[in-house]
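What follows is a set of notes on a single structure, which appears directly below.
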Amino acid sequence: LNLVFSQFDVMIDHRFWNIAEKNRIIFDTAGIDIHNLAFSSKDELLELEGRVSGNTRDTLYAKFNKVNISHLDYLIGSKDLDIDGLLSGNFKLINPYGKFTILSDLRIDSLKFNKELLGDATFKVVYDNTAHRFDLKSQILYTGNTGTNIPLTIAGSVFMNEKELGKKVHAFGLD
């Protein structure tokens, strides 16, 4: 089964989004192929590409370019929570039906929480399913009138195995 979107126009948070031409999703008995499934609005872009199947080497790629995360406020549904910033970077999901792996290298420029500027945030995350472990390196870099500082750094591993989860939250440092 081949699926192609010839027209896609939707308004989210007072902005029109459309889909790239020549997009294609192919469903077969072995998996799903996704080609050029890209949604854009002005300078914002969310793109999906890759294959999802039982093959251990198949990978789904997601690319973000200046995606305004304030659109998520509507999905969260809380008027007391306001998150703003521009998400850019890459996300990979490898072997989703088996012992999957997640790799991400994401950045949120001008991250704000309830209108308070926190800075530019980076998130490097790897999930290793064989070890049942998330490895995380994240920081917020704030630049103000007096210079630049790093008010938050998080680095370490979190083990997701139920047996280990209770006793091993490894090497987390909060600065």
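The values are calculated or read from the model by the stated rules, or taken from the named source; none is laboratory data. Since the model is a prediction, treat every value here as computed from it, not as a measurement. Reconstructed Cβ throughout: ideal geometry from the backbone, glycine too, with neighbour counts over all protein chains shown. Side chains included, ligands, DNA and RNA excluded: accessible areas come from the protein's heavy atoms. Shrake-Rupley method; radii C 1.70, N 1.55, O 1.52, S 1.80 Å.
Just a few scattered comments:
- Charging the Cβ of each Asp and Glu at -1 and of each Lys and Arg at +1, and nothing else, the dipole of the stretch 56-97 about its Cα centre rounds to 320 debye.
- Reported to the nearest whole Å, the Cα centre-to-centre distance from the stretch 74-108 to the stretch 1-66 is 16.
- Taking the Cα centre of the stretch 52-153 as reference, the dipole from Cβ charges on Lys and Arg (+1) and Asp and Glu (-1) amounts to some 320 debye.
- Along the axis of the charge dipole computed for the chain (Cβ charges of +1 for Lys and Arg, -1 for Asp and Glu, origin at the Cα centre), the listed residues ASN114, LEU72, GLY54 are led at the positive end by GLY54.
- A cut-off of 5 Å between modelled amide H atoms, ignoring neighbours fewer than 5 places along the same chain, links GLY31 with no other residue.
- Given charges at beta-carbon only (K, R positive; D, E negative), |dipole| of the chain in Debye: 460 debye
- The stretch 48-59 - phi-based ³J(HN,Hα) in whole Hz, Karplus 6.51/-1.76/1.60, Gly and Pro as x: 10, 8, x, 9, 10, 7, x, 6, 5, 8, 5, 9
- Sites listed here are trypsin sites (Lys or Arg not before Pro) in the stretch 27-130 whose DSSP assignment is loop and whose Cβ has at most 16 other Cβ atoms within 10 Å: LYS42, ARG57, LYS79, LYS99, LYS115.
- Where the stretch 5-131 is the region considered: accessible area per residue in Å², 1.4 Å probe: 61 Å²
- The stretch 1-63: chymotrypsin sites (Phe, Trp or Tyr not before Pro) in DSSP coil with no more than 13 other Cβ atoms inside 10 Å: PHE8
- Note on the stretch 60-160: Rg/Rh from Cα positions, Kirkwood definition for Rh, rounded to two decimals, is 1.03.
- Of all accessible heavy-atom area on the chain, the percent that carbon and sulfur account for (1.4 Å): 57 percent
- Å³ per residue enclosed by the Cα convex hull of the stretch 1-51: 74 Å³
- Cα point-scatterer Debye curve for the stretch 95-142, base-10 log of I(q)/I(0) at q = 0.18, 0.28, 0.32 Å⁻¹: -0.62, -0.94, -1.09
- Dmax and Rg, reported as Rg then Dmax, of the chain (C-alpha, Å): 18.8, 59
- Cross-link pairs LYS42/LYS99; LYS22/LYS79; LYS42/LYS79; LYS22/LYS137; LYS22/LYS112 - those with Cα-Cα distance over 31 Å: LYS42/LYS99; LYS22/LYS79; LYS22/LYS137; LYS22/LYS112
- Of the chymotrypsin sites (Phe, Trp or Tyr not before Pro) found in the stretch 101-154, none is in coil by DSSP with at most 12 other Cβ atoms within 10 Å of its Cβ.
- ASP43 contributes about 90 Å² of solvent-accessible surface, heavy atoms of the protein only, 1.4 Å probe.
- Accessible area of SER104 (1.4 Å probe, protein heavy atoms only, ligands and nucleic acids ignored): about 20 Å².
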